[in-house]
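The values are calculated or read from the model by the stated rules, or taken from the named source; none is laboratory data. Remember, predicted model here, so these are calculated numbers, not experimental data. Reconstructed Cβ throughout: ideal geometry from the backbone, glycine too, with neighbour counts over all protein chains shown. Only protein heavy atoms, including side chains, enter the accessible area calculation; ligands, DNA and RNA are left aside. Shrake-Rupley method; radii C 1.70, N 1.55, O 1.52, S 1.80 Å.
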Protein chains: 2
Amino acid sequence: MTSDISTGSFTLPGEAGFEQLTLRLAKKWGADTIRDSDGTQLSPEIVQSGYAIYSTVCLVRSVQPWARTHRDKLQQNFLMSRPVVAAKSSVTVTLLDGYYTEQFAVNFKDSPKQWWQVFDRTTGDEVPKSKWSVNPRKGAVTITGAYPGHRYTVNFLAFRIWEEISMYNHLTNNWGDREHLAAVDPMQPETQKALLAFLDGWLRGHPDTKVVRFTSMFYNFSWFWGADHKRLRDIYSDWGDYEMTVSPRALRLFEKKHGYRLTSEDFVNGGLYNSTHNAPSRRYRDYMAFVHDFVIEFGRKCIDLVHRHGKLAYVFYDDHWIGVEPSSPRFAEFGFDGLIKCVFNAFEVRLCAHSRGVSTKELRLHPYLFPTGLKGEPTFQKGGGGNPTLDAKNFWIDARRGIVRAPIDRIGLGGYLSLVEPWPDFQDYIEQVAQEFRLLKSFHAGDTPYVAPFKVAVLTAWGDLRAWTCSGHFMQNVELYHVLETLAGLPLDVQFISLDDVAARGVPRGVRAIINCGRAGTAWSGGHHWDDPRVEAALAEWVRKGGGFVGIAEPSARPQPGQNFRLAQVLGLDRDNGERLANGSYNYDAPAAGAAAPHFITADLADGRAPDLGKGVDGIYVLGGGTQVLADGDGSPRLATHVFGKGRAVYLSGFKFSHENTRLLHRALFWAAADEAAWGAWHAENFYTECSWFPKKKKLVVINNAGTPQTTRVTLGDGRTALPVGLDAHGIAILDV
Amino acid sequence: MTSDISTGSFTLPGEAGFEQLTLRLAKKWGADTIRDSDGTQLSPEIVQSGYAIYSTVCLVRSVQPWARTHRDKLQQNFLMSRPVVAAKSSVTVTLLDGYYTEQFAVNFKDSPKQWWQVFDRTTGDEVPKSKWSVNPRKGAVTITGAYPGHRYTVNFLAFRIWEEISMYNHLTNNWGDREHLAAVDPMQPETQKALLAFLDGWLRGHPDTKVVRFTSMFYNFSWFWGADHKRLRDIYSDWGDYEMTVSPRALRLFEKKHGYRLTSEDFVNGGLYNSTHNAPSRRYRDYMAFVHDFVIEFGRKCIDLVHRHGKLAYVFYDDHWIGVEPSSPRFAEFGFDGLIKCVFNAFEVRLCAHSRGVSTKELRLHPYLFPTGLKGEPTFQKGGGGNPTLDAKNFWIDARRGIVRAPIDRIGLGGYLSLVEPWPDFQDYIEQVAQEFRLLKSFHAGDTPYVAPFKVAVLTAWGDLRAWTCSGHFMQNVELYHVLETLAGLPLDVQFISLDDVAARGVPRGVRAIINCGRAGTAWSGGHHWDDPRVEAALAEWVRKGGGFVGIAEPSARPQPGQNFRLAQVLGLDRDNGERLANGSYNYDAPAAGAAAPHFITADLADGRAPDLGKGVDGIYVLGGGTQVLADGDGSPRLATHVFGKGRAVYLSGFKFSHENTRLLHRALFWAAADEAAWGAWHAENFYTECSWFPKKKKLVVINNAGTPQTTRVTLGDGRTALPVGLDAHGIAILDV
């Protein structure tokens, strides 16, 4: 390591009262920047110590006295009341039944008859407005002429009287009678004035701040709380849904711009709202574009103001990030200088790296310097079983897989720095992490690591807008998350395409393997977006001509009579959802339970055992003898291949991120792309290890993704010349070759 | 036992060449009737021995020379060609690709352009008739103007040139070059003449025959064979589907009668055909009624002819039973004298007993006198591991549960009598079975066994037309079969109602517990029949006012946005099909994994263990605190209860027939009906045993359903007075109380 990489690119959370520690660790970790965090302040001694200063600001909850006197300018959203089964012809629905009334207050001010809808959910029909009336005193709607035995719900507007992030922190940290902060809606011109005035004053009041870190722009991801925090706290929670942007003003502006009117049901959708996981409607996509327009427009005013004060503007890629859309081609229009992503996993590193239109990309690493972790684990509790150094190592080896593959500019920590004082080994390890990061960053500078000689595309309903994420943290029951985490560290050129993209323009040039992974109806599998026949036609033709299709769980699922996977003929199999009891199924050859058949794809599975692909999907049947089943479970193929024309398809019944499965998917992509010949170039044989070749720097980075020492053999670009490499637990080796 | 029940009500299969055995066993078993079987003849010595004689006749395959010279009068059906993905704008579909060409020959004679349809399955649209042409020489259709990458199928008419039952017997028994029999279509007037002429001659030629056993009427259940008998013999097989009745003539007559035209797709349905397991369309139900009309009309002519010859007409409730419909209210119009059902299980006993309009109901018991059983087991193979006596005992205790509950007039065996010669213990056991049967029959005479003081209804899309069956033999993966087998032996008054019945007339009077059991989309759960909002409304109202609803697997499933079970509010739970990743779910209290919570329903579960309900359904979430989870697995309730208004609901995630689960369901029904107070009357405590009280005869029949000796305590009508009873393995005890 050379001296020019011993400092810089590191953001340290300072803490007033711990000035000596702050400055000592800033030096030890090579920090160039000191930040404040939620709950911490920086003292003048720190601010004037010569380091660059980051300061956080959350605009929408910044103007509290104003918010309290302008309750009609608070943010709002549609909610669906809990379904009520009518017992008589008159039925009363208590609107906020089951909801947390410290978060929500019904908006009776904007005409309910204009904005609300009442549904007979039994028939699916809207109840005429003449048949229901509002009782603001009781917070209820009464329906007349109801049919006994039918279910009724009311879609209504509610103001949010407690901003969700401050509510979460308040309740989690028992802040008692501390003020409940509310978020104002910047869609209101009057609110915009108040916010810009606040920001101007704030900028004047922070002369030492170099970087303004917005947390984030204006609208939080959707998070509806229930009244019973023990039994049902999160009635609805989605990291990517735009529910919390809605208001009568937004709806009016939308109609003016897009020429048609959205209804409450476009947002409520029977209580499913617009979960990112479900294939989005065209109307909702229009609405997202509308909000994105607005957030860019007003966001740019805020950023321009920051720039006029000679400061930089960074944005946090969480919390109030709705409408910011760092994956959007329009993101550059904001004029942000930096993007900060909190990361637990490799896919989040790639998510951050993927954004275009910002010069600095920074990761907030874990563990966060809080007494307990997100799941309540005792990270920094001395004597409480915490082992923050081991936590840091495990988080680091996950994130590092992504950092090796894609350029990141900075890393940093957040929280209470004082917590690390009793953990000298943690202090030492972070020093090592910072050095390792700067070294990897130096390799990326002017260079690009080796990737396979073909491109890989992940096909979803969202395409590039939701590249490298399925909406928020890693959800174990979403197969695509496992796939993203796998891909995030593999030497592949991965792109994300939507079914709409394929319908309009076909498969992008250079792509030789496509992954479609997810359950029927989800945005990940594609859901109703498969209704456009151009998608199926383009993909079938593309495979026939030599493309490779890797389908996982319920790929291309969109049921028609007699066929559930649109690409069943390509995959050589389909799923029986219970409608084929009278249809026979082909009696295929399969390896014994628990075993995998020998194949290029299965070559690295330990002891020829079938891979553990998680729960996955059952009821798969093969269409004929052309389908080769490589692993089977309970009479349903788990892993199968099929040749279609000049192309190839691979099916996996599920997927679970593991080192072994990472190798399996890597091989499956090479096989699908019919590029087995290229396998083995710049390759680490032991699947607990991976390597990355920087051709211009002539550096071969070998990483150990395991918590135990490993030996591996690394093959060079010819795929044959092999070098033995030994690695410490969590270790790294740099080879000059 | 009194002497008047030592003989009669027993049909023995005679066998020429084994006259002495035939007459000895006829006497030993108390037979009053001797029959021929497939493959056996009766010699004059047997025919004139003084026993009544049954003779089998299968009309549609009786006129072979005529069939060969009238190929256009053979039966036919629609088939769907295997989907072909177009590679160019012209695509050729080989019609019989994958089908068994000894069974099918394409019908090019009736205008293909009039009757066939070609579909672009990618779009779902029919291809215009101008865009395809038929090549009879190649057995193919060529489509022009096709879209590359789209899937195409052809619905075409095929003659069946080999009748399925004779084909099955021929191939199973290696009959070599024996003639392939074809089935003629009696919908053709000319064919009707030929058949009546044959029958008249046959009747004249069988002067000693007392009973003509029709096997059965005209149309076999649907059975489409594949070319590859090892890999995919049964392309489609459904015991209740009317596919094999179709012809241009039938379609023309249908249109004339019903005023609208059916298309090939009404039968093909994307290759799913009209499986009895899937919720039927209104159009298909109309077609069934049309065929039923015809089968009654021409069937009655045949039966009248039998009667004019002074003989009785019995009909076999299998094989060519399509259109016969013994559960139909019109069945009596045939004028049959007897109905014969082959039984493996108790539900088939109830199926036979359920038919109205026939004076004699006879069961063909198992084991069938064949060297091997239906699944290839070596029943009568001496030294081959066969144990026909044990088989007979096990079949008998299953059938006996039904015989105890519902009156049956006769039993009998079929096959090669000579096979029983080396098995004297089998001969003895059948003597015992015959005696036991006659005793039970005597109890039913003029009496009706005790049932619970409330009625139970099984709710399906089919209702009473498919009472006591889900189409053919017991399929392990159909939950309702398990329920039917359970109900078949319970002291309950069970009726079968359809969703249409409920929509039109509500829940029948006296019904206090309704079972709805099955997977989403099936006829058993109800599928699209739930679209009629009157069904949901009627049932919700009925439960609210005090009814009991027992839902199993996916009861009332018919997805709408945000809700999958129409009666979720009644059940207190619903299923997440993957669309609720962003919706929170209520955190309920549940017993530990593998345990059952104490409750009236779970009181008899061994050691408080959770019941084994089979694979069942996962992803169930509860709606709130009112739902009590009695057993849980992998975070999804397996058994739960919910109070709705004055009524009660019970949910089971699946169901598997077992003695323990029989008790569980029995209790669930009493709890749902809110009649726990009536529990215990005429009740056997040990769940391997059951009892049946004949009030007029004052006989309490106690049966042991296990293959091991059991002791039990039987409580009398007061539910308290208990008598200890010991029973042999498979045993029975009769108590005078």
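Computed values, structure above
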item: Residue match in region B:299-318 (condition: within 14 Å of another protein chain (Cβ to nearest Cβ) and surrounded by 22 or more Cβ atoms within 10 Å (Cβ to Cβ)); result: no
item: Cβ pairs under 6 Å, 6+ apart, first in region A:380-407 and closer than 28 Å to residue A:662 by Cα, second assigned to a helix (DSSP H, G or I) and open to solvent by 50 Å² or more (accessible area, probe 1.4 Å); result: A:389/A:425
item: Residue, surrounded by the most Cβ atoms within 10 Å (Cβ to Cβ), within region B:1-58, restricted to residues that are touching a Leu at 6+ places or on another chain (Cβ under 9 Å) and part of a helix (DSSP H, G or I); result: B:22
item: Among residues of region B:348-391, those that are within 30 Å of residue B:337 (Cα to Cα) and hydroxyl-bearing (Ser, Thr, Tyr), counted; result: 4
item: Residue list for region A:277-286, restricted to those being facing another protein chain (nearest Cβ under 7 Å) and open to solvent by less than 10 Å² (accessible area, probe 1.4 Å); result: A:277
item: Residues that are touching a helix residue (DSSP H, G or I) at 6+ places or on another chain (Cβ under 7 Å) and not aliphatic (A, V, I, L, M), drawn from region B:49-93; result: B:49, B:51, B:61, B:62, B:66, B:73, B:75, B:77, B:78, B:83
item: Number of the exception - residue B:546 against (1) more than 26 Å from the chain's Cα centre (by Cα); (2) assigned to a helix (DSSP H, G or I); result: (2)
item: Residue B:155 vs. criteria open to solvent by less than 20 Å² (accessible area, probe 1.4 Å), under 35 Å from the mean Cα position of the chain (by Cα) and not charged (D, E, K, R); result: yes
item: Search result, residues across region A:688-716 that are open to solvent by less than 40 Å² (accessible area, probe 1.4 Å) and either among the aromatic types (Phe, Trp, Tyr) or more than 20 Å from residue A:392 (Cα to Cα) (or both); result: A:691, A:692, A:693, A:694, A:700, A:701, A:712, A:714, A:715, A:716
item: Filter pass, residue A:530 being within 11 Å of chain B (Cβ to nearest Cβ) and either in a loop (DSSP other than H, G, I, E, B) or open to solvent by 20 Å² or more (accessible area, probe 1.4 Å) (or both); result: no
item: Hey, residue A:537 under 21 Å from residue B:84 (Cα atoms), facing another protein chain (nearest Cβ under 10 Å) and of a type in the set (Gly, Ala, Ser) or not; result: yes
item: Some residue of region B:702-714 being outside the structural domain of residue B:403 (by TED's automatic domain parsing), aliphatic (A, V, I, L, M) and under 18 Å from residue B:437 (Cβ atoms); result: yes
item: Residue that is open to solvent by 50 Å² or more (accessible area, probe 1.4 Å), out of contact with any Ser or Thr (no Cβ under 7 Å at 6 or more places or on another chain) and more than 30 Å from residue A:563 (Cβ to Cβ), where the choices are B:138, B:193; result: B:193
item: Qualifying positions in region A:569-579 - in a loop (DSSP other than H, G, I, E, B) and either at the interface with chain B (Cβ under 10 Å from one of its Cβ atoms) or surrounded by 21 or more Cβ atoms within 10 Å (Cβ to Cβ) (or both); result: A:572, A:577, A:578, A:579
item: Qualifying residue in region A:580-601 (condition: away from chain B (no Cβ under 14 Å) and open to solvent by less than 10 Å² (accessible area, probe 1.4 Å)); result: yes
item: Residue in region B:118-126 that is exposed (fewer than 14 other Cβ atoms within 10 Å of the Cβ) and either assigned by TED's automatic domain parsing to the domain that holds residue B:159 or over 24 Å from residue A:558 (Cα atoms) (or both) present; result: yes
item: Of the criteria (1) among the aromatic types (Phe, Trp, Tyr); (2) touching a Ser or Thr at 6+ places or on another chain (Cβ under 9 Å); (3) within 14 Å of chain B (Cβ to nearest Cβ), which one residue A:688 fails; result: (3)
item: Criterion violated by residue A:117 - all others in (1) out of contact with any strand residue (DSSP E or B) (no Cβ under 9 Å at 6 or more places or on another chain); (2) modelled with pLDDT of 95 or more satisfied; result: (1)
item: Odd one out for residue B:90, checked against (1) more than 21 Å from residue A:585 (Cβ to Cβ); (2) buried (at least 23 other Cβ atoms within 10 Å of the Cβ); result: (2)
item: Filter pass, residue B:260 being farther than 23 Å from residue B:195 by Cα, aromatic (Phe, Trp, Tyr) and either touching a residue at least 24 places away in the same chain (Cβ under 8 Å) or crowded, with 18+ Cβ neighbours inside 10 Å (or both); result: no
item: Residue that is farthest from residue A:650 (Cα to Cα), among those in region A:493-518 that are surrounded by fewer than 22 Cβ atoms within 10 Å (Cβ to Cβ) and of a type in the set (Lys, Arg); result: A:505
item: Test set (1) open to solvent by 10 Å² or more (accessible area, probe 1.4 Å); (2) in contact with a helix residue (DSSP H, G or I) (Cβ under 6 Å, 6 or more places away or on another chain); (3) not in a strand (DSSP E or B) - residue B:367 fails condition number; result: (1)
item: Conditions (1) within 30 Å of residue A:34 (Cβ to Cβ); (2) touching a residue at least 40 places away in the same chain (Cβ under 8 Å); (3) surrounded by 16 or more Cβ atoms within 10 Å (Cβ to Cβ); number of the one not met by residue A:171; result: (3)
item: Criterion (modelled with pLDDT of 95 or more and assigned by TED's automatic domain parsing to the domain that holds residue A:213) met by exactly one of A:12, A:42; result: A:12
item: Failed condition for residue A:628, given (1) under 30 Å from residue B:559 (Cα atoms); (2) open to solvent by 50 Å² or more (accessible area, probe 1.4 Å); (3) of a type in the set (S, T, N, Q); result: (1)
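Matching residues to (1) more than 14 Å from chain A (Cβ to nearest Cβ); (2) more than 15 Å from residue B:158 (Cα to Cα); (3) crowded, with 24+ Cβ neighbours inside 10 Å; (4) in contact with a Gly (Cβ under 8 Å, 6 or more places away or on another chain):
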| residue | (1), (2), (3), (4) |
| --- | --- |
| B:236 | no, no, no, yes |
| B:241 | no, yes, yes, no |
| B:245 | yes, no, yes, yes |
| B:256 | yes, yes, no, no |
| B:264 | no, no, no, no |
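Let's see how each residue does on (1) within 21 Å of residue B:387 (Cα to Cα); (2) in contact (Cβ under 8 Å) with a residue 60 or more places away in the chain; (3) under 15 Å from the mean Cα position of the chain (by Cα):
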position	(1), (2), (3)
B:337	no, yes, no
B:344	yes, yes, yes
B:348	no, yes, yes
B:356	no, no, no
B:362	no, yes, no
B:365	yes, yes, no
B:375	yes, no, no
